[in-house]
Amino acid sequence: MLDTIQAINKTAAFNRWAGFEVTSAANGEAELRMNWREEDMGQYAGFLHAGMIGAMLDTVSGYAAATVAGRVLASHFSVNCVSPAIGRAFVARGRVVKAGRKQVFAAAELYAQGEGADSLKLVATGNAILVPVEDPASAPPKKAQPAA
């Protein structure tokens, strides 16, 4: 499953630009890592921009859901910033709370990594509701509509 999610991650232009690295993905859980780049990820006070925080939490929630439900799309997403996001790198961890046929509920946390690999500080949390979606390549062809 990790190889599949890593391959999906590489197809997303935003994820490539941001430098999201999928470090684990299996059994309703996923983890992303991203190195800090001051020149294009910070907000005016030098912290990680909330948009990047949201992007990491949304992405890791989706990848966690994808391990149990296949292709998914977020229908609801919320973020709680609990501490200034300052670090050399950031680690997002997502997990499926409940997976149904029509909705997958996921929760995620974002940690700032300091100088040591073990120095993780919680900076944000998120919750998502994701819906399984059909792969467009496997969808039956649409019938032509009669001209009006």
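The values are calculated or read from the model by the stated rules, or taken from the named source; none is laboratory data. This one's a predicted model, so the numbers in the text were calculated from it and none came from an experiment. Glycine also receives a Cβ, built like all others from the backbone with ideal geometry; neighbour counts cover every protein chain displayed. These accessible areas exclude ligands, DNA and RNA; they are computed on the full protein's heavy atoms, side chains included. Shrake-Rupley method; radii C 1.70, N 1.55, O 1.52, S 1.80 Å.
Distance in nm between label sites at Cys81 and Ser138, each 7 Å beyond Cα in the beta-carbon direction?
Result: 3.9 nm between the two label points.
Can you give the accessible area of Ser119 in Å² (nearest 10), computed on protein heavy atoms with a 1.4 Å probe?
Using a 1.4 Å probe on the heavy atoms, I get roughly 50 Å².
Relative to the longest principal axis of the C-alpha atoms of the chain, give the angle of the C-alpha long axis of helix 2-11, reported between 0 and 90° and rounded to the nearest 10°.
Between the helix axis and the principal axis of the chain, the angle is about 90 degrees.
Would you give the gap between the C-alpha center of region 94-108 and the C-alpha center of region 62-77, rounded to a whole Å?
Centre-to-centre (Cα) distance: 7 Å.
What angle, in degrees between 0 and 90 and rounded to the nearest 10, separates the Cα long axis of helix 50-69 from the longest principal axis of the Cα atoms of the chain?
Computed tilt is about 50 degrees.
Accessible area of the chain with a 1.4 Å probe: how many percent of it is carbon plus sulfur?
Answer for the chain: carbon and sulfur cover 54 percent of the accessible area.
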